[in-house]
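Comments concern the structure below.
Throughout, read-outs are computed from the coordinates displayed, never taken from laboratory work. Keep in mind the model is a prediction, meaning the values are calculated, not measured. Methodologically, a virtual Cβ is constructed for each residue, glycine included, from the backbone with ideal geometry; neighbour enumeration extends over all protein chains shown.
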Amino acid sequence: MIQFGVCTAYTNAALLADTGIDFIEENIQRLLMPLAPASEFVATRTAVKSAPLPVIAANAFLPATLKCVGPDVDMATLVQYADTACGRAGELGITTLVLGSGGSRQIPEGWDVVRAQQQFITLLQQFAPLAAKNGVTIVVEALNRGECNFINSLAEGAAVVVAASHPSIQLLTDIYHMLREDEPANQISKFAASIRHAHIAEKATRTVPGRAGDDFTAYFAALHAMDYQGAMAIEAHYGADLHADVVLGLATLRQQWGN
């Protein structure tokens, strides 16, 4: 059965524990602090393990200052960063790390897109064994063109995942980005073999499901058709009342999903 969660800080777990959500998806840079020494992670590790909701996923893999395509790629630094991130994720029982990171993977002006794609595939191949040894899956997230100029569709995401050719590198389907790109639901069916995680929000201003009344049922039907039993996290711009937003979002998702 699908798990519904919310992208937010683990420190909100107590506030959201009675909403019925299954998990929290955190921010890799904030939670795992891959650039910080291990001593700074100790208190976080203890707190997360005692939180009333599990943290099973984390996003925002790479900071914009750590480029993964273009002329300024430092692969050794990227690999060390990923090794720390995956190791700390494994310590916390986090099984999914989301690689969107539009700032990091934005192709600089004048840089060849084919060359950028090969750089990104090489990056995934370098990250894959680090993820595998820690029981982590890295999922590639396609972003809409307003946020990044590289990997803007499930097809483009699936192409680098297939090229990386490793079970620890898979694909995320973000229904918000699909809506922004007018990407039809049948793309989910086309690339179902690689999809391991999902995000969702409403199209116009990235509100939680239920605020604007977006209908996601076509996308959910495609996920049902592939017998998707993974996790789906609301990744939205929340209002002043996070609790109320999560209650509304979860109720809307369950109604449209059918459970």
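Take each of the peptides 164-172, 185-193, average the number of other beta-carbon atoms within 10 Å over its residues, and list them starting from the highest.
164-172, 185-193
Which whole number of Å³ per residue matches the convex hull of the alpha-carbon atoms in the chain?
Spread over its residues, the Cα hull of the chain gives 120 Å³ apiece.
Mind giving me the nanometre distance, one decimal, between the label points for Ala43 and Gln80, set 7 Å out from Cα along Cα→Cβ?
Simple spin-label model gives 2.5 nm for this pair.
Search the structure for amide H atoms under 5 Å from the amide H of Ala233, placed 1.01 Å from N in the peptide plane, and list their residues when 5 or more places away or on another chain.
Gly5, Ala198, His199, Ile200
Between Glu147 and Ser50, what is the label-point separation in nm under the 7 Å Cα-to-beta-carbon projection?
3.4
Which value, in Å³ per residue, describes the convex hull spanned by the Cα atoms of the range 81-197?
Taking only Cα atoms, the range 81-197 has a hull volume of 100 Å³ per residue.
Please report, in cubic angstrom per residue, the volume enclosed by the convex hull of the alpha-carbon atoms of the range 209-259.
78
Whole-Hz ³J(HN,Hα) for each residue in the range 46-60, computed from phi via Karplus 6.51 cos²θ - 1.76 cosθ + 1.60 with θ = phi - 60°, x for glycine and proline: what do you get?
Karplus-based 3J(HN,Hα) across the range 46-60 equals 5, 5, 5, 5, 9, 5, x, 10, x, 9, 10, 8, 8, 10, 6 Hz.
So how far apart, in nm, are the two label points at Lys133 and Thr11 if each is 7 Å from Cα heading toward Cβ?
Computed distance between label sites Lys133 and Thr11 equals 3.3 nm.
Full-extension gain between Asn259 and Val114, please, as 0.36 nm times their residue separation minus the C-alpha to C-alpha distance.
47.9 nm
Let me spell out the model: positive unit charges on the Cβ of Lys and Arg, negative unit charges on the Cβ of Asp and Glu, origin at the Cα centre of the range 3-257. What dipole size does that give, in debye rounded to 20?
Here the range 3-257 has a charge dipole of around 400 debye.
For the range 58-128 and the range 192-236, compute the distance between their C-alpha centroids and round to whole Å.
Comparing the Cα centres of the range 58-128 and the range 192-236, I get a distance of 24 Å.
Within 10 Å, count the other beta carbons around each residue, average over each peptide in 109-118, 237-246, 5-14, and list them highest first.
On the way: 109-118: 12.3, 237-246: 15.1, 5-14: 19.0.
Packing order, densest peptide first, comes out as 5-14, 237-246, 109-118.
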